[in-house]
Each structure stands twice: as C-alpha cells, then as structure tokens.
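What follows is a short report on a single structure.
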Amino acid sequence: MTEKQTENLLVKAGLLEQAANSSTEGITISDINRPDQPLIFVNQGFERLTGYDRSEVIGRNCRFLQGPKTARSPVTRLREAIANGEECTVELLNYRKNGQPFWNRLSVTPISDHNGKITHYVGIQSDITLLKRTKERLEQANLTLRHFQDRILTELDQAKIAQQFLLPDSWPETNEIEFAAKMVPTDEIGGDFFDVIALDDHRYGFLVADVTGHGIPAALLTFMASVTFKNVASSDLGAGETITEVNRRLFGKMPNDAFVTMFYAIYNVVSKEFNFTQAGHPDCYFFRPSVDKIMTLSTEGTIVGPFSNEDVSFGDASIHLEEGDRIILYTDAITDVLWQVPDSSQITELGAFIRNHSDLSMQTLFEAIYSWGIEVARSSKYSDDFTMLGFEVTNKKKKSSTDLTKEKKM
Ligand SMILES: Cc1cc2nc3c(=O)[nH]c(=O)nc-3n(C[C@H](O)[C@H](O)[C@H](O)COP(=O)(O)O)c2cc1C
C-alpha cells in the first residue's frame with residue numbers, strides 16, 4: 001500500500017466514524033473471533049444511549065447492559081443467532097450506567113471477510129422505551145374501550161329485549177277482525193313500535209309509530225311515546241284528538257330535534273266506522289276486494305313532539321268499512337326499498353302488490369311483502385325496522401289468530 005493509499009483509507013475510515021457518530025442510534029462492532037466477542041467500536045450514539053464512555057466498554061461483551069429484569073428469551077435468541085452466523089433483531093430491557101432501565105431494539109448483523117468467514121458483528125441499538133410505553137398505553141386504552149363497547153352492546157341488547165315488551169303479545173278477542181302484524185327490528189336497536197288496544201268492547205285502536213334515530217336515545221323515546229300513547233288512548237277520544245293529546249304531553253320533552261311519526265286509527269266493529277289520523281307518517285292502505293280497489297288514506301297532520309298544539313293540528317277523517325276490507329299501516333322500511341323498482345312510484349308499487357295478493361291471508365300477505373322487499377333490495381335484511389300492522393274486516397265468526405308474528409332478533 002502506497003502512502004497515498006493509506007492516507008485515503010484513513011480519510012475514509014475517519015469519514016465512516018464521523019457518519020457513525022452522527023447517528024442517533026447506537027452503533028457497535030464486536031470481534032466475533034476473540035474470546036467472549038468483545039466490542040471493538042461504539043459510536044457516540046451508543047455513549048449517549050447508555051451513559052458509558054467508550055473507554056469503559058471497548059474490550060467487553062455487550063451483555064453488561066443486561067440486568068435483573070432482562071428477559072432470557074431474547075438473550076437466548078441473540079446467542080443462537082450469533083452462533084449460527086445469522087442476523088437477528090430483538091427487543092430487550094437494558095440498563096444505562098446510572099441503573100435506569102430502557103427498552104433496546106437491537107439488530108445484530110454478521111460481517112464476513114473476503115473468504116466468506118464471519119469476522120465481526122455490527123449491532124444497532126435503538127431506544128424504544130417511549131414507543132413501548134405508548135404501545136402499552138394504547139393497548140390499555142383499547143382494552144378499556146373494548147370493555148366499554150361490550151357493556152354498551154349488552155345494554156343495547158337489554159334495551160332491545162325491553163323494547164319488545166312495548167308490543168302487544170296477543171290480539172284482542174274479537175271475531176269481527178282478523179289482525180296481522182309483522183315487525184323485524186334491525187340489528188341495531190331501532191325506533192319503530194306498534195300497538196293494538198281494545199278501547200272498549202267494540203272499538204279498537206291501531207297505532208304504528210316511528211321514532212327518529214337509532215340506538216339508546218331512540219329506544220328511550222319509543223318507551224316515552226308508547227307509554228304516553230297508552231295513557232292517552234281511550235274510547236272517549238277520536239283518532240285526531242288522541243294524537244293531539246299525545247303531542248301535548250310529548251311537546252318540550254323530546255331531546256334535540258327528535259320526533260315521532262304516527263298513524264293512529266280507531267275501528268268500531270259495530271258501526272264499522274274507521275276513524276284515523278296521520279302524523280307525519282306514511283299513508284295507510286285501504287283495500288276493498290268487492291270492487292277490487294286499493295287506495296291510500298291520509299289526513300292533515302305533522303310530526304309529533306317538536307311543535308306545540310298552538311302551532312300544529314292533527315287532522316281526523318273517517319270511512320265506512322265493509323266485510324272483506326283490509327287496512328294496512330306500516331313504517332317506511334318497505335317503501336324505502338321499493339324505490340329501486342324501475343319506472344314506478346313505491347306507493348303505487350306496494351298498493352299493487354297488496355291488491356294482487358288479496359287471496360293471501362293478512363299474515364301471509366305481510367310475510368310475502370317482507371320477502372318481496374328483501375328480494376328488491378337484493379339484501380338479506382332491511383336497513384331499518386320493518387313494521388306492518390293491519391286487519392281485515394271478517395265478521396265470519398272465525399277465530400282470529402292470537403299468535404302475533406313479531407320476529408324478535410335478539
Ligand atoms: C454487535 C453486538 C452488539 C450487541 N449489543 C447488545 C446490546 O446492546 N444489549 C444487549 O443486551 N446485548 C447485546 N449484544 C448481545 C450480547 O453481546 C450477547 O451476544 C448476548 O447476551 C448473548 O450471549 P450470552 O448468552 O453469552 O450473554 C450484542 C451482541 C453483538 C454481537
């Protein structure tokens with residue numbers, strides 16, 4: 001080697017050392033062929049990280065950084081990797097000169113001479129204490145969140161079970177009406193409910209309601225609205241008067257912008273008068289098979305809850321029913337999917353379906369409507385609570401089914 005070559009080599013070595021020292025990581029080199037594989041080089045990053053001066057560590061095996069709480073398994077992995085001439089990365093607890101522990105992410109890589117014989121190992125030490133701590137905190141926070149989520153889910157399930165008790169579990173005893181209902185709540189707790197009440201021995205009240213939103217707030221509102229309705233409904237009040245009174249009691253008590261839509265009807269089996277009111281809710285269907293006529297029934301009216309009775313009123317209308325007539329109340333889950341039927345209005349579409357399936361019993365008709373909606377939506381379920389309530393004027397002395405089809409998804 002000429003003088004110039006030696007000088008060049010020294011310059012390069014100096015540059016390399018400068019580069020190594022500018023690193024914030026620890027960089028170490030140990031001689032693998034000397035007894036106990038001592039360190040022959042440490043950079044300033046290592047000195048900063050460990051608090052040791054290079055004069056204190058050169059010539060020693062780097063295991064002096066280990067201490068009482070250093071786990072054995074990463075140390076074993078290191079030993080085996082080095083014995084096999086492999087590279088290896090571990091995370092292990094090390095101790096600074098002042099005894100303070102820190103988490104070290106250590107990578108060791110073999111260096112071979114021109115014959116392929118491993119002569120040295122380079123080690124890179126990174127302080128990952130903060131990272132580890134943040135990870136631990138994150139894991140802890142995740143665990144807390146998971147517990148919280150589990151609790152919420154359990155409570156939602158309980159609320160859902162409780163919500164089922166709002167629905168009637170049997171039909172009033174009468175031979176003049178064939179009742180039918182189908183309700184399939186969404187997985188999430190929803191805001192639909194319905195009720196059928198015997199107001200006296202010949203008048204029956206039918207309510208279908210939809211509370212805005214989902215989740216616990218909606219569930220609480222369904223309780224509030226249902227209980228209020230049960231308390232108000234009586235044989236003295238017509239449909240419009242009933243909802244007016246329900247609105248009076250709910251006004252000012254609904255949180256934020258929450259509201260309820262309702263369709264309430266009273267059927268008198270003696271006079272056959274069907275009296276109804278519509279409060280921001282979809283129209284109801286009326287089908288008369290004797291003339292093969294389907295139509296929707298509606299009144300003036302607005303949503304229930306946010307406006308005082310001084311500002312709003314709920315209309316009231318009546319028609320006379322005859323034997324065979326069908327009445328169908330529902331919430332918008334079904335009409336929301338029917339807009340997908342090409343070239344039609346969903347209202348006409350549903351009406352046509354009801355008319356074309358008049359040979360089915362009311363309950364079977366509801367099942368058919370439900371399945372049809374699923375088919376149209378090309379989905380296995382509705383995105384909102386599916387609710388349908390109705391009746392047929394029978395007066396055939398046949399026993400109406402007391403088996404109320406509510407699908408309880410719990
Ligand atoms: C280049 C190099 C750097 C090392 N740096 C560290 C280190 O920073 N901290 C540590 O605990 N061990 C370090 N080790 C590992 C130990 O020196 C030793 O190989 C390990 O403790 C396994 O051997 P033992 O079971 O004989 O102790 C390093 C090893 C090499 C080859």
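The values are calculated or read from the model by the stated rules, or taken from the named source; none is laboratory data. These numbers come from a predicted model, not from an experiment. Don't worry about glycine lacking a Cβ; one is built from the backbone with ideal geometry, like all the others, and counts go over all protein chains shown. For accessibility, only protein heavy atoms count, side chains too; no ligands or nucleic acids. Shrake-Rupley method; radii C 1.70, N 1.55, O 1.52, S 1.80 Å.
Please give the peptides 43-54, 274-285 ranked by average Cβ packing (other Cβ atoms within 10 Å per residue), highest first, as a rough proxy for protection.
In decreasing order of mean packing, 43-54, 274-285 become 274-285, 43-54.
Is it possible to state the helix-based mean residue ellipticity at 222 nm for the chain, with each DSSP H run of 4+ residues giving -39500 (n - 2.57), the sum divided by total residues, to the nearest 500 deg cm²/dmol? What is it?
Taken over the chain, the calculation gives -11000 deg cm²/dmol.
So what are the three principal axis dimensions of segment 165-393 from its Cα atoms, in whole Å, longest to shortest?
Computed over segment 165-393, the largest-to-smallest principal extents equal 44, 42, 32 Å.
How much of the DSSP beta bridge set in the chain is antiparallel, as a percent to the nearest 5?
Bridges in the chain are about 95 percent antiparallel.
Show the residues, 5+ positions off or on another chain, whose built amide H is closer than 5 Å to the amide H of R60.
Placed amide hydrogens put L39 under 5 Å from R60.
Once a ≥ b ≥ c are taken as the square roots of the eigenvalues of the Cα gyration tensor of segment 3-127, is the result rounded (a/c under 1.5), prolate (a/b larger than b/c) or oblate (a/b not larger than b/c)?
oblate
What length, rounded to one decimal in nm, is gained on full extension from R48 through to T296, with 0.36 nm per residue of separation minus their alpha-carbon distance?
Extra length available between R48 and T296 comes to 81.0 nm.
Quote to one decimal, in nm, the extra length available between D359 and E310 on full extension: 0.36 nm per residue of separation minus the C-alpha distance between them.
Answer, rounded to one decimal: 13.1 nm.
For the chain, what does the relative contact order come out to in percent, with C-alpha contacts under 8 Å and a separation of six or more?
15 percent
Would you rank M362, M295 by solvent-accessible area, highest first, keeping every protein chain in place and using a 1.4 Å probe?
Per-residue accessible area, sorted high to low, gives M295, M362.
More than 37 Å apart: what percent of Cα pairs in the chain qualify?
50 percent
Stretched out fully, how many nm does the piece from I118 to S234 gain, at 0.36 nm a residue minus the Cα gap?
32.2 nm
What is the sum of charges around G238, taking Lys and Arg as +1, Asp and Glu as -1, for the other residues whose C-beta is under 13 Å from the C-beta of G238?
Local charge sum for G238: -4.
Mean Kyte-Doolittle of at least -0.5 plus a Cα span of 24 Å or more along the axis: flag which DSSP H helices in the chain meet both, please.
The answer, listed by residue number, is 3-22, 215-232.
If the elastic network links every pair of Cα atoms under 10 Å, which of K253, K182, K135 fluctuates the most in the Gaussian network model of the chain?
Result for the chain, Cα springs under 10 Å: K135 fluctuates most.
I need the phi-derived Karplus couplings for segment 31-43: 6.51 cos²θ - 1.76 cosθ + 1.60, θ = phi - 60°, integer Hz, Gly and Pro marked x.
With coefficients 6.51, -1.76 and 1.60, one gets 8, 7, 9, 8, x, 6, 6, x, 6, 10, 8, 9, 8 Hz.
Given a 1.4 Å probe, how much area per residue of segment 147-207 is accessible, in Å²?
43 Å²
What's the center-to-center distance, using Cα atoms, between segment 220-244 and segment 12-39 in Å?
So the two Cα centres are separated by 84 Å.
Tell me, what HN-Hα J-couplings in whole Hz come from the Karplus equation 6.51 cos²θ - 1.76 cosθ + 1.60 at θ = phi - 60° for each residue of segment 57-68, using x for Gly and Pro?
10, 4, x, 10, 6, 5, 5, 4, 6, 7, x, x
Considering only Cα-Cα distances, which of the following residue pairs are longer than 30 Å: K182/K272; K69/K117; K272/K293; K135/K160?
K69/K117; K135/K160
Which order do S379, S226 take when ranked by solvent-accessible area (1.4 Å probe, heavy atoms of all protein chains), largest first?
These residues rank, largest area first, as S379, S226.
Out of the total accessible area of the chain (probe 1.4 Å, heavy atoms of protein only), what percent is carbon and sulfur?
C and S atoms contribute 52 percent here.
Name the residue, out of F259, F41, F286, whose mean-square fluctuation peaks in a Gaussian network model built on the chain with Cα pairs under 10 Å.
Of F259, F41, F286, the Gaussian network model singles out F41 as fluctuating most.
Say R0 is 22 Å: what FRET efficiency, to the nearest 0.05, do K132 and F64 get from their beta-carbon distance?
0.50
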